[in-house]
Each structure stands twice: as C-alpha cells, then as structure tokens.
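Report on the following structure.
The values are calculated or read from the model by the stated rules, or taken from the named source; none is laboratory data. It should be emphasised that the depicted structure is a prediction, and the values quoted were computed from it without experimental measurement. Don't worry about glycine lacking a Cβ; one is built from the backbone with ideal geometry, like all the others, and counts go over all protein chains shown.
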Amino acid sequence: MKNFLTVLVASVAGFLGAMAASPGRSEASAATVIRAEGFELVGAEGKLLARLEPAATGGAHLLLLTKAQKPAIEVGVSQDGRPIFRMWGHDDKTRVVIELDELDKPVLSMGDERWLSRVSLGFLGPDMKSRDWDAWGVAFQYLSQRPLSSIGVAPGTRGLEGFLTVNGRRIR
C-alpha cells in the first residue's frame, strides 16, 4: 500500500509540475489552425500509409493504402456533399460501399471481382426517385439492375407490408 501511495503522489506531482512549466500552452495549440492541400502519413521506413486530401470529385477523402501503395479504404465526402465509405480488394475492384443516396437513405452494397452490387442492404430505391417511397430490405442481383431475389418491407395497401421476390416476381 505504501508503494502505491508513493507512485500516486509522484504521478500527481509530475502532472502538476508539467502543467506549471507550460502555462497557457494548451490555449495556444487550440487556437492554431493548420491549412494544407493534403496530408500524408508515412511509416517508419518512409513508406506512404495514408493520405487526407481533396477528392477528384470536389469533396474530401481519407485514403488508407495497402503495402503495395494501392487504395484499401476510403472515407470521404462526394461532390454533392454525401458521405461515402469504400473498400477495395487486392485486385483493385470495389468490394464494399456504404453511402447515402440522393434522398439521404443509407445503402450498403457488397460484391466480388465480377460485380459490385451482388448484395444490397438498406433502402431499396425505385427506378424513379421519390421521397414517398419507403422500401427497405436485402436484394441479391447479378449483372442486372433488377434484383434476382429480395426480401423486405415496402408500402402496401395497409401501410408497410413484407415482401419476397424471386426472379422479379413477388411471392405472396
């Protein structure tokens, strides 16, 4: 117990000493603004690990890179101000996208080396965008815009109703 009290008192004294030695230092750093066109994070060997920069679309993004200097993860803002999260596979093809659509409805899309949107989870938008549309679920598709199968909830005659579709046909 005596050793614990000694360590505690020494820690508090060290903290107070550090605070007394640098008065107002936290205020100065809080008021400082750093502006740049980009930031790069490098590892111990000087290899580029990440970039924070303006995106080509006009927004901003944080890009985390693989050991081979290829994009692995992107967190950013699109040109029209919508947030986006993207992951790439080793083959440089997009595998996962989380984004908000034009109506601020969230969608998670997952795919493989052949097709990004094999599985979509979240808001299932209609062909014509409408704020009144309210369909949510999971859709499976392959090389087409129409889901091969889906399950979820959508507006019906009695409010929201569950649905199941296979090959574009609704199952009751």
Only one of 147, 155 is of a type outside the set (Phe, Trp, Tyr), modelled with pLDDT under 85 and surrounded by 13 or more Cβ atoms within 10 Å (Cβ to Cβ). Can you tell me which?
147
Among the listed residues 103, 124, identify the single one that is touching a residue at least 12 places away in the same chain (Cβ under 8 Å) and either surrounded by fewer than 16 Cβ atoms within 10 Å (Cβ to Cβ) or under 19 Å from residue 74 (Cα atoms) (or both).
103
Only one of 58, 81 is loosely packed, with under 12 Cβ neighbours inside 10 Å, small (Gly, Ala, Ser) and either in contact with a Gly (Cβ under 9 Å, 6 or more places away or on another chain) or closer than 15 Å to residue 93 by Cα (or both), namely 81
Every listed condition ((1) surrounded by 12 or more Cβ atoms within 10 Å (Cβ to Cβ); (2) of a type in the set (S, T, N, Q); (3) farther than 30 Å from residue 40 by Cα) holds for residue 130 save (1)
If we take the stretch 60-128, then strands (runs of 3 or more DSSP E) inside it with 2 or more residues that are among the aromatic types (Phe, Trp, Tyr) and modelled with pLDDT of 90 or more are 83-88
Looking only at the stretch 94-135, count every residue that is aromatic (Phe, Trp, Tyr), under 20 Å from residue 80 (Cα atoms) and out of contact with any Pro (no Cβ under 8 Å at 6 or more places or on another chain) and tell me the total.
0
In the stretch 34-70, anything free of Cβ contacts under 8 Å to residues at least 12 places away in the same chain, over 23 Å from residue 81 (Cα atoms) and among the aliphatic types (A, V, I, L, M) is listed as 41, 42, 44, 68
What's the total number of residues in the stretch 118-172 that are charged (D, E, K, R) and within 25 Å of residue 98 (Cβ to Cβ)?
7
Matching residues in the stretch 129-172 (among the charged types (D, E, K, R) and part of a strand (DSSP E or B)) number 3
Evaluate the following for residue 89: is it under 30 Å from residue 37 (Cα atoms), of a type in the set (Gly, Ala, Ser) and in contact (Cβ under 8 Å) with a residue 24 or more places away in the chain?
yes
